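A.B. asks: Below is the structure I would like to discuss, written out as structure tokens.
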Amino acid sequence: MAGSGEKTFVSYEMRGDIALIGLTRPEKRNAISDAVIEEFALKVDRATAEAKAAVIFGEGLHFCAGLDLLEHSEKPLLESVLGSRRWHEVFARMERGRIPFIAALHGAVVGGGFELASSCQLRVADATTYFGLPEGQRGIFVGGGGSVRIERLIGTSRMTDMMLTGRVAKAEEMERWGGVNYVVEAGAALEKAIALAEVTATNSEFSNYAIMNALPRIRDMSSEDGLFVESAVSALASMTPEAQDRLRAFLEKRAGKVLAD
Ligand code: 1HE
């Protein structure tokens, strides 16, 4: 934990080109309060400014227990709406920002914790990971973008099941549902997430930007509009000097091939 006496809830460290952003409130299972989200926002901005990719992880037994329910229980209606809108703002900077974010998951990934993970481009879960959306049991609703992002990952029917019945999904089930990209053995999520982040960091910056920003928008368009935007983004990407260099490298047999192993 960084700090000079004052309690902080989010750690930050650069490892090469990769920013490691940790939720460091394990005594409250990394529950996200207003102070946590504000600190987290600063770290997301810092990573976007100086890193080529970032990894999000949680300290302690669990990745994240979601919204801080104590703080939430004391909020007036408007504060609650504005709090949700603030989460949307911060998570959008990850989903449609400039560098890829990879979530390294373990233990409980619950409510807002799942919403945070779903704002990352990729999710790595270790064998201890489980996912829950207990909003129905708590008398609330998702407020951190889950109705859009989690729904798009796993579908309305599965999300409805999780919210209505409190169904909990373990890592492998969530992988089958599309909510997780990689499942690894217990304790190995952070290492795998860093390795993936390092791979994404070798891509052209424009390609990463286009992947992160064009795909979710095209998802919201009609097929016709999506195909048109795809052509435009594709042409723009091809015109970058990086693309020219990389295409030449392949044609001159200096670049890697796409192989299965
Ligand atoms: C919390 C929170 C929290 C733990 N807000 N304080 N999220 C939930 O409904 C999940 C609620 N949490 C749990 O189900 C469990 O805590 C866990 C399964 C995640 C972990 O269990 P365990 O046995 O390891 O820990 P614990 O003993 O339950 O919790 C340790 C402490 O963390 C305890 O405080 P203490 O002062 O008694 O030590 C808990 O009260 C505290 N704690 N989770 C506040 N979430 C933008 S909308 C998003 C909507 C949602 O996120 S809804 C889902 C909310």
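Read-outs throughout are calculated quantities, based only on the coordinates presented, and are distinct from any laboratory measurement. Note that this is a predicted model, so its numbers are computed, not measured. With ideal geometry, Cβ positions are generated from the backbone for all residues, glycine too; neighbour counts draw on all protein chains shown.
A.B. asks: Length gain on complete extension for the stretch A127 to S223, per 0.36 nm per residue less the alpha carbon to alpha carbon distance?
C.D. replies: Gain on stretching A127 to S223: 30.8 nm.
A.B. asks: How tilted is helix 223-239 with respect to the longest principal axis of the chain? Cα atoms for both, answer in degrees (0 to 90, nearest 10).
C.D. replies: 60 degrees
A.B. asks: Tell me the net charge near T128. Cut-off is 13 Å between Cβ atoms, T128 excluded, with +1 for each Lys or Arg and -1 for each Asp or Glu. Could the numbers behind the result be given before it?
C.D. replies: On the way: positive: K170; negative: D126, E172, E185.
For residues surrounding T128, the net value is -2.
A.B. asks: Additional query: Would you work out the charge dipole size for the chain about its Cα centre, treating the Cβ of every Lys and Arg as +1 and the Cβ of every Asp and Glu as -1, and quote it to the nearest 20 debye? Please list the in-between numbers first.
C.D. replies: Working: 30 positive and 36 negative charges, 66 e Å.
That gives the chain a dipole magnitude of about 320 debye.
A.B. asks: Once label points are set 7 Å from the Cα along Cα→Cβ at both M14 and A243, what is their separation, rounded to one decimal in nm?
C.D. replies: Calculated label separation equals 2.9 nm.
A.B. asks: Treat every Asp and Glu Cβ in the range 1-147 as -1 and every Lys and Arg Cβ as +1, leave all other atoms uncharged, and give the resulting dipole magnitude about the Cα centre to the nearest 20 debye. Provide the component values of the computation, followed by the final result.
C.D. replies: Details: 16 positive and 19 negative charges, 62 e Å.
That gives a dipole near 300 debye.
A.B. asks: For helix 34-50, report the angle its Cα long axis makes with the longest principal axis of the Cα atoms of the chain; keep it between 0 and 90° and round to the nearest 10°.
C.D. replies: Tilt of helix 34-50: around 10 degrees.
A.B. asks: Against the longest alpha carbon principal axis of the chain, how many degrees, from 0 to 90 and to the nearest 10, is the axis of helix 156-165 turned?
C.D. replies: Tilt of helix 156-165: around 20 degrees.
A.B. asks: Would you look at the GNM of the chain, springs on alpha carbons closer than 10 Å, and say which of I194, I154, I18 moves the most?
C.D. replies: I154
A.B. asks: Taking the Cα centroid of the range 77-150 and of the range 201-229, what is the distance between the two, rounded to the nearest whole Å?
C.D. replies: Measuring centre to centre over Cα atoms gives 22 Å.
A.B. asks: Taking a cut-off of 28 Å between Cα atoms, list the lysines near K43, but don't count ones fewer than 8 places away on the same chain.
C.D. replies: The reachable lysines, counting only those whose Cα sits under 28 Å from K43, are K7, K28, K52, K75, K192.
A.B. asks: Sticking with this structure for a sec: I'd like to compare 248-259, 38-49: which one has the highest average count of other Cβ atoms within 10 Å, and what's the full order after that? Intermediate results must be reported in sequence, preceding the final value.
C.D. replies: Values: 248-259: 8.6, 38-49: 17.4.
Descending packing order for the listed peptides: 38-49, 248-259.
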